[in-house]
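Here is the structure we will look at, set down as structure tokens.
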Amino acid sequence: MQAETASASISISPMQPGFGAVIHGVDAAHADPVTMAGVVEAFHRHGAILLRNQTMTPDDLMRFVRLFGEAEGHSLRHFTLPGYPEIFVLSNRIENGRPIGAHNDGVGWHTDYSYKEKPVMCTMLYAVEVPPEGSDTLLADCCAAYDALAEQRKAELGHLQLHHSYAHFMATREHGRATLTEAQKRENPDVVHPLVRTHPADGRLALWPSTGTVVEILGQDEPSDLALLDELVEFLTQERFVHRHKWHAGDILMWDNRCTLHTGTLFDDTRYIRTMHRLWVKGDRPV
Ligand code: SIN
């Protein structure tokens, strides 16, 4: 499909019906500003974009991500690239006896920085080296899932709020558990976000039951009972709402966290290495 945008004509095909765009024939490190404006527009229109066969230096990645907004820093600074505090390394590679990145960091359905007052608007992953099998990234279309709910259910969920805690997440997650330092606690106070959020660009509603950081569901009789969260995640992650991305080195996958949840998946880390560069763009307070 040839997509005419206000600023450029770029070739795209859907990732899956009604969600996401695969952008063809664009070299993200060298494309002209008009082409890149078309890429940004495709991202906002489709909720996620994929560009294959890219070769990106850290400077290229920074230039690219800044087209979408202001780059966000990371809570865990020891896995950022030297000189690039906004480029976080996900990896199971060990160099000089030390891991160069966080391993299995994003396994479990979530949105990035759900525990911040302003979770990140979008996440970008650039595949440096990937296993031949496993380690897919899954994206769930939260607006399609919300639209598929019965009207009665929408009304029941509309007033619920999720209490998110970074300290709880780091103490209980499966991989890379840690107790926060006093400085980290001060930097990451608990926050409350709606379970159903409104996309600020077009007003669409999204079911947004990010997991891992939630300690309470406010507005229900028993806030500490998280069974509803499991039920909603099961609903949202049915095959009809989920795109499964199979990685190749050189892929750039970028998604809008205001209308998606995502999860990484495991791979045989005794045989394979996976290294990704992750960048974020600052977001707004969810409403
Ligand atoms: C993430 O959750 O930010 C990373 C997902 C992945 O590694 O596939």
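Consider the stretch 130-143. How many of its residues are surrounded by 18 or more Cβ atoms within 10 Å (Cβ to Cβ) and part of a loop (DSSP other than H, G, I, E, B)?
2
Quickly run through the stretch 59-85 and pick out the residues that are on the phi < 0 side of the Ramachandran plot and small (Gly, Ala, Ser).
Just the residues of the stretch 59-85 that are on the phi < 0 side of the Ramachandran plot, to begin with: 59-68, 70-82, 84-85.
Correct list: Ala71, Gly73, Ser75.
Determine if the stretch 155-178 includes at least one residue that is more than 16 Å from the ligand (Cβ to nearest atom), without any contact (Cβ under 8 Å) to a residue 12 or more places away in the chain and more than 30 Å from Ile100 (Cβ to Cβ).
Checked the stretch 155-178: at least one residue is more than 16 Å from the ligand (Cβ to nearest atom), without any contact (Cβ under 8 Å) to a residue 12 or more places away in the chain and more than 30 Å from Ile100 (Cβ to Cβ).
Determine if the stretch 123-130 includes at least one residue that is modelled with pLDDT of 95 or more and away from the ligand (no atom under 16 Å from the Cβ).
Among the residues of the stretch 123-130, not one is modelled with pLDDT of 95 or more and away from the ligand (no atom under 16 Å from the Cβ), which makes the answer no.
Based on this model, can you work out whether Phe241 counts as surrounded by 18 or more Cβ atoms within 10 Å (Cβ to Cβ), within 11 Å of the ligand (Cβ to nearest atom) and among the aromatic types (Phe, Trp, Tyr)?
no
Which residue pairs have Cβ atoms closer than 6 Å, lie 6 or more positions apart in sequence or on different chains, and pair a first residue in the stretch 85-103 that is in contact (Cβ under 8 Å) with a residue 60 or more places away in the chain with a second residue that is among the acidic types (Asp, Glu) and within 11 Å of the ligand (Cβ to nearest atom)?
Going by the 6 Å Cβ cut-off, the qualifying pairs are Leu90/Asp105.
Out of all the residues in the stretch 95-109, which are outside any loop (DSSP other than H, G, I, E, B) and in contact with a Phe, Trp or Tyr (Cβ under 9 Å, 6 or more places away or on another chain)?
Across the stretch 95-109, the qualifying residues are Pro99, Ala102.
Just wondering, is there one or more residues in the stretch 201-216 that are of a type in the set (S, T, N, Q) and away from the ligand (no atom under 16 Å from the Cβ)?
no
Quick check: anything in the stretch 161-182 within 19 Å of the chain's Cα centre (by Cα), within 18 Å of Pro209 (Cβ to Cβ) and in a helix (DSSP H, G or I)?
Among the residues of the stretch 161-182, at least one is within 19 Å of the chain's Cα centre (by Cα), within 18 Å of Pro209 (Cβ to Cβ) and in a helix (DSSP H, G or I), which makes the answer yes.
Checking the structure you have, find out if any residue of the stretch 110-122 is within 18 Å of Pro200 (Cα to Cα), β-branched (Val, Ile, Thr) and within 16 Å of the ligand (Cβ to nearest atom).
Checking the stretch 110-122: at least one residue is within 18 Å of Pro200 (Cα to Cα), β-branched (Val, Ile, Thr) and within 16 Å of the ligand (Cβ to nearest atom).
All but one of (1) crowded, with 19+ Cβ neighbours inside 10 Å; (2) out of contact with any helix residue (DSSP H, G or I) (no Cβ under 9 Å at 6 or more places or on another chain) hold for Tyr146; state the number of the condition that does not hold.
Tallying (1) crowded, with 19+ Cβ neighbours inside 10 Å; (2) out of contact with any helix residue (DSSP H, G or I) (no Cβ under 9 Å at 6 or more places or on another chain), Tyr146 fails exactly one: (2).
The values are calculated or read from the model by the stated rules, or taken from the named source; none is laboratory data. Note that the structure is a prediction, hence the values are computed from the model and not measured. When we count neighbours, we look across all protein chains shown, and the Cβ atoms used for this are built from the backbone with ideal geometry, even at glycine.
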